Amino acid sequence: MDRIRKVFEHALAAHLPGQDIVIERPKNGSLGDLTFPCFHAAKASGNSPAQVATELASQLNLALAIEGVKLIAAGPYLNLKLQPEARAGEVLGGLLSGKPYGAHEKNGQKVIVEYSSPNIAKLFTIGHLRSTMIGHNLVQVHRFLGYDVVRLNHLGDWGTQFGTLLAAYKAWAETSNPDLTHDFDWAAEIPEKRRTPLFRLFQLYVRFHDEEKENPDMREDARRWFRELEQGSVEARRLWKWFRDISLTEFQRIYDRLGVSFDTLEQGEAFYEPMLGAVLQRLSDHGLLKEGEGGAKIVDLSDVGIETPMVVQKGDGASIYASRDLAQVTYRKEAYLFDRCIYVIGGEQILHMKQIFACMEKLDPWFKGRLTHTPFGLVRLPEGKMSTRKGNVIFLEDVLDEAAERVAAIIQEKNPDLANQSAVAEMLGMGAVIFFNAMNDRIKPITFEWDRVIALDGDTGPYVQYAHARICSVLRKAGGAWPAMATPGLHDSRETAMVPFPPCDTPSDLKGLDAPEAQNLLFELAGLPSAVRVAREQLMATSIARQLLAIARSFSGFYTNCPILAADNAPEVREARLALCVATARALRQGLFLIGIEAPEEM
Ligand code: ARG
């Protein structure tokens, strides 16, 4: 459809010189395949939009001259409509060619996506799912659209909280439980799988905050340990590195389950520590560094409309989150010379990111327009908000486990003979959680409810995965070369580039796809490339998730109304319908891949 879109665009541009040509997709396929709203063109010409649409239809129908394509004026819209067979040929041709459908050539632009960025010595909560998966979706979508992508994780591995951890470890673990697991007397309510060194660290952290309330002097101890760390004390550094390793081992397990990875995990907050002096110096050279309350150093941004000054150094000389972010932006320009750097960070840091961006633009106008904060809403539980400090959190790993367990129970009930049950349950469980995140608008807070995450017949990942598996089963029944056509050439991992499908020919007779249900499915398939482009514009995968649901739903209509393998089908009807099955399976697999979800062939 992209080929026809281009021809349409050129024809319009030639008739409407100097105007921005924006082509959209009509609400449904019975109206047409593409539409040009004539409101702007009408303003420019002084005629009504409907007049413009009618004129364009009569002038362009001749100019376009593509077989099977018609332009129809419908009120203020100029609709481009393909005849059923032309539509089938166009969409099947695109999906059966074997090339990723709607992918763009490399465009030479470099995009950094910074995502996940958890804090060391804490466990992933369900909130971390958002930054991790939104970021991963953006990585996939940008790659697909031809960008060079750098995947970074701004690990929270530095800061005063390490002072807290060191103090807590020294006070309550060093003598009684030095390796953080050995002989530890776990409370009975802590489940076996949770009895890890990382969880001990987390408990120590929570305990410190609890006891500090009774005994505020403890804070001084934590401050002292952070100073030691900053000044390079061997002991503090040794423990810090060990805490970091403990955390990364556990984080890796989650990243593996989610199919997410990074180009490096070495560029966390600590990485920028040696660069902080230079950052402060540069601020001072530019006359931006001011004295704040209690000896703190601040940057005043009120001249660019940001009333809250940004603190870049504490009164006691300790470094701070913001200074490490200034160093991070500075470093990334030097190391990557990026076109755009996208920060997937929660909405509660909007002011912080505004301050960072404004300050960097003052230092170096090169940054203008290159830095993007992609905020997202919180995940709420039906029970309310979470807080790590208070310890009332839902851990992401528990959610992932439960998702897989719930799916396993459904499989047991519906398809007890399925091979590789636990692997399939894992794919569906992760699919459910990941799709739930992608489907929901990025900005709005979301409430995590199991029924909305898992249901096999709702707007869920497993529903889309099920449509795919069902098609694979039809293709297996068809036999011959059919099943292999829907399977990529090599092992399909979630994370590496899309593995191409084998190229195959579009059947020459497509009359078997004239039925409205088949046409509707073709229309939705054709919508996938624009859904991917919209995902990049909106910096979230919601449009892709919705398009996949639309494809899965319209497949179900096609499957019910257009017999595929019926004995009395003419061979060319059977072939055309099987080709549409292959195309649909490919589109679903590709869309799921962009969201970070695997597509089992059986479930
Ligand atoms: N570690 C931080 C947190 O958990 C997020 C870091 C975001 N990235 C950044 N460049 N500040 O809140």
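Given in Å, the Rg to one decimal and the Dmax to the nearest whole number for the Cα atoms of the chain are 28.1, 87. Per-residue 3J(HN,Hα) values for segment 419-428, derived from phi via the Karplus relation 6.51 cos²θ - 1.76 cosθ + 1.60 with θ = phi - 60°, read 6, 6, 4, 6, 5, 5, 4, 5, 4, 6 Hz in sequence order (x marks Gly and Pro). Shape analysis of segment 423-579 based on the Cα gyration tensor places the equivalent ellipsoid semi-axes at 29, 17, 16 Å, largest first. In percent, rounded to a whole number, the relative contact order of the chain is 17, using alpha-carbon pairs under 8 Å and six or more apart. Working from Cα pairs under 8 Å separated by at least six residues, relative contact order for segment 1-141 is 17 percent.
Beyond a 32 Å Cα-Cα separation, which of these cross-linked pairs lie in this structure: K27/K354; K27/K414; K70/K110; K241/K314; K99/K122; K170/K314?
Among K27/K354; K27/K414; K70/K110; K241/K314; K99/K122; K170/K314, the Cα-Cα distance tops 32 Å for K27/K354; K27/K414; K70/K110; K99/K122.
Of the GluC sites (Glu not before Pro) found in segment 319-383, those in coil by DSSP whose Cβ has at most 14 other Cβ atoms within 10 Å are E383. Against the chain, whose longest principal axis comes from its Cα atoms, helix 516-526 is set at around 40 degrees. Both radii come from the Cα set of segment 131-221: Rg as radius of gyration, Rh as Kirkwood radius; their ratio Rg/Rh reads 1.17. Secondary-structure-derived ellipticity at 222 nm for the chain, considering helices only, amounts to -17000 deg cm²/dmol, per-run term -39500 (n - 2.57) for DSSP H runs with n ≥ 4.
The simple Förster model, with R0 at 35 Å and r as the Cβ-Cβ distance, assigns H40 and R3 a FRET efficiency of 0.90. In a DSSP loop and with at most 14 other Cβ atoms within 10 Å, the GluC sites (Glu not before Pro) in segment 146-199 are E174, E189. A simple rule links phi to the HN-Hα coupling: the Karplus curve 6.51 cos²θ - 1.76 cosθ + 1.60 with θ = phi - 60°, which for segment 263-279 gives 6, 7, 10, 8, 9, x, 4, 4, 4, 8, 3, x, 9, 5, x, 5, 5 Hz, with x for Gly and Pro. These residues, H136, H352, go from largest to smallest accessible area, 1.4 Å probe, as H352, H136.
Each listed q (0.17, 0.26, 0.27, 0.31 Å⁻¹) maps to a log10 I(q)/I(0) for segment 330-376 from the Debye sum over equal C-alpha point scatterers, namely -0.47, -1.01, -1.06, -1.22. Extending 7 Å from Cα along the Cβ direction at K110 and again at A419 yields two label points whose distance is 4.6 nm.
Compared with the alpha-carbon gap, the fully stretched path from D217 to K368 is longer by 49.9 nm at 0.36 nm per residue. Restricting segment 66-113 to trypsin sites (Lys or Arg not before Pro) that sit in a DSSP loop and have at most 16 other Cβ atoms within 10 Å of their own Cβ leaves K106.
Please give the length that would be gained between K70 and A455 if that part of the chain were fully extended, namely 0.36 nm times their separation in residues minus their C-alpha to C-alpha distance (nm, one decimal).
134.5 nm
Our summary gives segment 429-555 a relative contact order of 27 percent, counting only alpha carbon pairs under 8 angstrom and 6 or more residues apart. For segment 242-247, the Karplus equation 6.51 cos²θ - 1.76 cosθ + 1.60, evaluated at θ = phi - 60°, returns couplings of 5, 4, 5, 4, 4, 5 Hz by residue, with Gly and Pro reported as x.
From largest to smallest, the equivalent ellipsoid semi-axes obtained for segment 499-603 from the alpha-carbon gyration tensor read 26, 14, 13 Å. What whole number of Å gives the distance from the Cα centroid of segment 337-378 to the Cα centroid of segment 520-564? Measuring centre to centre over Cα atoms gives 32 Å.
The values are calculated or read from the model by the stated rules, or taken from the named source; none is laboratory data. Owing to the predicted nature of the structure, the values given are computational and were not obtained by experimental measurement. Here the Cβ is made from the backbone with ideal geometry for all residues, glycine too, and neighbour counts use every protein chain on show. All accessible areas refer to the heavy atoms of the entire protein, side chains included, with ligands and DNA or RNA removed. Shrake-Rupley method; radii C 1.70, N 1.55, O 1.52, S 1.80 Å.
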